[in-house]
1. Per-residue counts of other Cβ atoms within 10 Å, averaged by peptide: what ranking do you get for 502-510, 75-83, 23-31, highest first?
2. Please compute P(r) over all alpha-carbon pairs of the range 438-520, binned at 10 Å starting from zero, and give each bin as a whole-number percent.
3. Output wanted: per-residue J couplings in Hz (rounded whole) for the range 25-35, from phi through Karplus 6.51 cos²θ - 1.76 cosθ + 1.60, θ = phi - 60°, x for Gly and Pro.
4. Per residue of the range 444-455, what does 6.51 cos²θ - 1.76 cosθ + 1.60 with θ = phi - 60° give for ³J(HN,Hα)? Whole Hz please, x for Gly and Pro, Karplus curve as stated.
5. Counting other Cβ atoms within 10 Å, keep those with at most 10, restrict to DSSP loop, and tell me which GluC sites (Glu not before Pro) in the range 1-83 are left.
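Every read-out reported here was derived from the displayed coordinates using simple, explicitly stated rules and does not represent laboratory data. It should be emphasised that the depicted structure is a prediction, and the values quoted were computed from it without experimental measurement. Virtual Cβ from ideal backbone geometry, glycine too; neighbours counted across all protein chains shown.
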Amino acid sequence: GFGKTEVAMRCAFKAITNNKQVAFLCPTTILSMQHYQTLKKRFEYTGANIALVNRFVSAKEIKQIKEGLKNGTIDIVIGTHKLLNKSFEYKDLGFLIIDEEQRFGVEHKEKIKELKESIDVLSLSATPIPRTLQMSLIGVRTISQLTTPPAHRHPIQTYVIEKRGSAIEEIIQRELSRDGQVFYLNNRVSNIYGVAKKIQKQFPDVQVGIAHGKMSKEEIEQTMYDFAEGKYKILVCTTIIETGLDIANANTMIIDQADRFGLSQLYQIRGRVGRRDKIGYCYLMVDGQKEITEQAHKRLQSIKEFTQLGSGYKIAMRDLTIRGAGDMLGPQQAGFIDQVGLDMYLELLSSAIAKKQGKEIEETKEVKQANIQLGGYIPQQFTENDGDKLDLYQEIKAIRSLQQLYEYQHRIEDLFGKIPKEVSQLFKKKKLDLFVNEDYVDSLKETNMNVQIQMAPAYSKKVDGAALFHDMSALSKTIRLKMNKGKLEILLDKKGRYIDLLMKVIDRLMHEKEIEDAIG
């Protein structure tokens, strides 16, 4: 509802003005019909020839469409999975639009790749699947987000409730009392008529409609049209209404057995309500007698948590953490990331992608870490925003010099105010890591009794031991200096505020090295 179709139409127009054909792939028959009507209306004065391919189009018409695509008389073809049939040939296909990409299986996507190697592809989705999201995060595909909602739109109020007849009746009554309409989603065709009959008994004064995938094209179209026109106040339906439907006055959604749906599917279904300035309500009903799985519980918790407008990306990120990314190449849905660790996997993958793209790959030298316990973290009172926290951790990790560290610390103080002790320890730990990676330092580690700094032999030979001992003694009487096999060893007692003392020692050593470099 944030304008993905508008972006797609503008891209399609750009393609056909450059004499290229456009294929618009949709997951459902209803959505393909809606897109066909939208594009026909929008492209009315451009002279573009637009065709529709789905299970309701006759074999004779499909034969004519195939000929039109082959000889180039059809500019844009909109269709369902039927378009992936190899019998569809194009004169010059230049652009492929995939709507609701998460609804297509891996096999379909492999066929899409085979369509043509040199075409541009635009995938539209409110909630990208984990594998697609993973590809965008590491640079295999580019991603753009539409995050600004239309004016006067409200977040959809979402509740997880136990299934009870009295609760259902009360929810429907509340929506009808404000002259609204209700979706009741029951995803089993076998008992859908029984459910509709029961609701009709409870509300004899209003009309109850039924929509499911086994109905004919004419029946579905007529039911949807009547519901949009307000003839039906309650629509008992399957997930056929999941994508594309825009009924302004339908602002309550009841989802029966919500634990059986995927996270992005729940988000899509919920998106059918609250599409104007009225507040929308979504009730996720679960059977009180049945124990739901841990994954289903996480999904319901996530959909309840992410109610603000434009949460699709966050929903997809949560789905990525719940399900994992899977294997990006081929149909397997189980990856091997856990065996090598996520950081290492992403590093290997991004360098392979950069190599393939012809980019110069910087050789990364092994980064040492200070072997010292220093528990820094970002507390809730500093920032509640998970995105900000993630940015802070990543930015600190990416810093490569002391100058960068001081500048970033100053910037954080400007943005967030006084830095608490926990965050300050993160910066101290990073400073220790930067120190250990200097070429004049061998290691920094702590034992039960003390903290030990080993300086490299090349530095140890040049240093003025007496002057350094004098400087260290001024900091603390407990600091000891030893020469061990040509290496200078500095020992600090682990007592009191020894971390603050350690930071002073490091500042002194860095200052000493700067003086030596200046003289040298």
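1. 23-31, 75-83, 502-510
2. 17, 57, 24, 2
3. Working through the residues one at a time gives 9, 10, x, 10, 5, 4, 5, 5, 5, 5, 5 Hz.
4. With the stated coefficients, the range 444-455 comes to 9, 9, 10, 10, 4, 9, 8, 10, 10, 10, 9, 8 Hz.
5. Passing sites in the range 1-83 are E44.
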